[in-house]
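The values are calculated or read from the model by the stated rules, or taken from the named source; none is laboratory data. Since this is a predicted model, take the numbers as computed values, not measurements. Don't worry about glycine lacking a Cβ; one is built from the backbone with ideal geometry, like all the others, and counts go over all protein chains shown. Accessible surface is based on the protein model in full, side chains and every heavy atom, while ligands, DNA and RNA are left aside. Shrake-Rupley method; radii C 1.70, N 1.55, O 1.52, S 1.80 Å.
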Amino acid sequence: LELSVSLKNLVTAPTDWERIYFIKNSYLIICETLKLLKPIKSSSTILEEDIKSNNLKEIKSALKEINTDISNFISSENYEIIKKTRDFASAHIDKDINKYYETVYKLNGEKASEIISEYLLLVSKLQKLCLKVHYEMSKVYEEKLKKSQADLDDTHKKLQELREKH
């Protein structure tokens, strides 16, 4: 939501200083959300564990694809622009004030719009995957619930039979 609003305001901003503000804000949001989206390589996410344990191969390939997309985005020149802006002019203001001004001076509204749009497409793809996972996991848990209910009914029936014998 914040990124969409920032993009809209970037496009409609009447002054350079407003565009700079929305670019800095957008790049900060992108950096911080990527920290959450990209799991540490040595760890396994809950989502990956659920996919693996429930044999959801179609989702596993989609997850692999989105993780590749995220990695490619992080490895891109565009992400370098985002990271430098975040580090020198957005999340932190560098002690060397010249770095701040050099970073801000290089910001380009059209380029930023393209980068933000690209990232929003990536997030949209991830949201679709999350909905698909939710749907598939709901089916898995519904089956598990039915089995548990059947087991419980069977146990209840056996208890009734035992009571009747005594």
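The residues on offer are 73, 88, and the sole one that is crowded, with 16+ Cβ neighbours inside 10 Å and free of Cβ contacts under 8 Å to residues at least 40 places away in the same chain is 88. Taking into account only those residues within the range 130-147 that are aliphatic (A, V, I, L, M) and open to solvent by less than 90 Å² (accessible area, probe 1.4 Å), which is farthest from residue 78 (Cα to Cα)? The extreme case among them is 140.
Checking the range 38-60 against the condition returns no match, with no residue being modelled with pLDDT of 90 or more, in a helix (DSSP H, G or I) and within 21 Å of the chain's Cα centre (by Cα).
Scanning the range 10-28 for residues that are assigned to a helix (DSSP H, G or I) and farther than 13 Å from residue 117 by Cα yields 12, 16, 17, 18, 19, 20, 21, 22, 24, 25, 28. Going through (1) touching a Leu at 6+ places or on another chain (Cβ under 7 Å); (2) hydrophobic (A, V, I, L, M, F, W, C); (3) under 18 Å from residue 34 (Cα atoms) one by one, residue 51 falls short only on (3).
Residue-wise test of (1) within 24 Å of residue 9 (Cβ to Cβ); (2) open to solvent by 40 Å² or more (accessible area, probe 1.4 Å); (3) not aromatic (Phe, Trp, Tyr).
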site	(1), (2), (3)
55	no, yes, yes
67	no, no, yes
101	yes, yes, no
105	yes, yes, no
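Residues that are more than 20 Å from residue 65 (Cα to Cα), part of a loop (DSSP other than H, G, I, E, B) and open to solvent by 90 Å² or more (accessible area, probe 1.4 Å) do not occur anywhere in the range 111-129. Which residue is modelled with the highest pLDDT, if the candidates are limited to the range 5-37 and must be open to solvent by 60 Å² or more (accessible area, probe 1.4 Å) and under 21 Å from residue 73 (Cα atoms)? Here the answer is 32. With respect to residue 93, is the statement that it is in contact (Cβ under 8 Å) with a residue 12 or more places away in the chain, surrounded by 11 or more Cβ atoms within 10 Å (Cβ to Cβ) and among the β-branched types (Val, Ile, Thr) true? Judged against the criteria, residue 93 is not a match. If the condition is being of a type outside the set (D, E, K, R), in contact with a helix residue (DSSP H, G or I) (Cβ under 6 Å, 6 or more places away or on another chain) and either modelled with pLDDT of 95 or more or under 16 Å from residue 30 (Cβ atoms) (or both), then the range 81-96 contributes 82, 85, 88, 89, 90, 91.
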